[in-house]
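Data block below; observations after.
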Amino acid sequence: MKRLKTLASAVVAGTLALALAACGGNGATTETTDEGSSTAEAATGSTYKIGVLQLTEHAALDASNEGFVAALDDAGIDYEIDQQNAQNDQSACQTIASKLVNDGDDLILTIGTPAAQAVASATSDIPIIGTAITDFAESGLVADNEAPGGNVTGSSDLTPVADQIDLLQQLVPDAKTVGLLYCTAESNSEVQIAMAEEALDEAGIAHERYTVSSSNEIQQVVESMVGKVDAVYTPTDNTIAAGMATVSMVANENGLPVIVGCDTMVEDGGLASYSINYYDLGYKAGEMAVEILTEGADPAEMPIEYLAAEDCQLIANQATADEVGIDISGLEDAEIV
């Protein structure tokens, strides 16, 4: 647990490359609400129009959305918010992005990499705050994570991949081969998988990639891993996170432990994770939005923000541990769900 006790500062400060992007699906949903207080209205005389494009529905992205709205409310600003969900459909992302831009929103929140890419391609003028995106620069959203240089900034869901692999080694010490599960359409997942491979190579553990291109392939791919790998690692991948119930159903029935990228994936049946909190991530994005709206902050000069090491959390699923026959009693300070 040496690396679990200290989330390496190199991961947070030096390795700005990682997770959450997206794949197929269909449909779109809309919700418009009025929030805020008269305090900010008296100070600013403004009701801000805020558009939100969320890639898909799953617990982590939903939590980011909730955290963002909470930060707006805590700031006491008066606003109208247009909530849009692309239901994991990239063509819907493009359509919704055009709508939000044409509506003349004062600021647009994007949750997930494809959502951010769609809105960024639709406007270079309206400020865009992204969240649940691992590496803004790697995804082509900013020129540099420290100096974005355009109309996009936000909060990164950078996760401690090497520490997650350490966790896998602790819980499954006899693992000889690890299956790496992710969606090929998610560029940030590719980055995280490469980091996992580096950590596994250092540990002398064999690994093999298992990929899906859509959620429809998850069950078949996980079934194909049974008998070939001793454990599974999957990062903060939107497609896998949304289909985590299917992953855990197959893996747990076959005694295959799955180490995952975030807390909500543990809650949905994964064995364990060393994770950031997505509500806190969204809250940080909301604070950045308030700076832009009320203080005139320029996204071009606002570095991508990250959650601090102390905000990361060790979490494990007791029911899953019992089902796959893994002892998690040695996980000190872990939240057990």
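Overall, the anisotropy analysis places the stretch 238-337 in the prolate class: the square-rooted eigenvalues a ≥ b ≥ c of its C-alpha gyration tensor yield a/c not less than 1.5, with a/b exceeding b/c.
Distances between every pair of Cα atoms in the stretch 139-293, grouped in 10 Å steps from 0 to the bin holding the largest one, split as 11, 39, 32, 14, 4, 0 percent. Report note on the peptides 330-337, 287-294: ranked by the mean count of other C-beta atoms within 10 Å, highest first, their order is 287-294, 330-337. The phi torsions of the stretch 262-269, fed into the Karplus equation with coefficients 6.51, -1.76 and 1.60 and a -60° offset, translate into couplings of 8, 4, 5, 6, 5, 4, 8, x Hz, rounded to whole numbers, with Gly and Pro shown as x. Comparing 126, 165, 111 in a Gaussian network model of the chain, where Cα atoms under 10 Å apart are tied by springs, the biggest mean-square fluctuation is seen for 126.
Take the alpha carbon atoms of the stretch 97-115, find their center, do the same for the stretch 299-329, and report the distance between the two centers in whole angstrom. The two parts, judged by their Cα centres, are 29 Å apart.
Classified by the C-alpha gyration tensor, the chain has a prolate form. Its axis ratio a/c, with a ≥ b ≥ c, is 1.5 or above, and a/b is larger than b/c. A Gaussian network model of the chain, with springs between Cα atoms under 10 Å, assigns the largest mean-square fluctuation among 327, 298, 105 to 327. Taking amide H atoms as placed 1.01 Å from N in the peptide plane, the amide H of residue 54 lies under 5 Å from those of 84, 85, 86, 111, each 5 or more residues away in sequence or on another chain. Under the shape rule built on the C-alpha gyration tensor, where the axes satisfy a ≥ b ≥ c, the stretch 56-210 is prolate, since a/c reaches at least 1.5 and a/b is greater than b/c. Residues in the chain average 37 Å² of solvent-accessible surface per residue, probe 1.4 Å, ligands and nucleic acids excluded.
Potential lengthening of the chain between residue 198 and residue 74 amounts to 40.5 nm, from the contour at 0.36 nm per residue minus the alpha-carbon distance. In the chain, the sites counted are trypsin sites (Lys or Arg not before Pro) in DSSP loop states with at most 16 other Cβ atoms within 10 Å, and the longest stretch holding none of them, exclusive of the sites, is 1-175. Each Lys and Arg contributes +1 and each Asp and Glu -1, all at the Cβ; summed about the Cα centre of the chain, the dipole is approximately 860 debye. Between residue 219 and residue 297, the simple spin-label model (points 7 angstrom out along Cα→Cβ) gives 4.5 nm.
The values are calculated or read from the model by the stated rules, or taken from the named source; none is laboratory data. Just so it is clear, the structure is predicted and the values come from calculations on it, not from any experiment. Reconstructed Cβ throughout: ideal geometry from the backbone, glycine too, with neighbour counts over all protein chains shown. Side chains included, ligands, DNA and RNA excluded: accessible areas come from the protein's heavy atoms. Shrake-Rupley method; radii C 1.70, N 1.55, O 1.52, S 1.80 Å.
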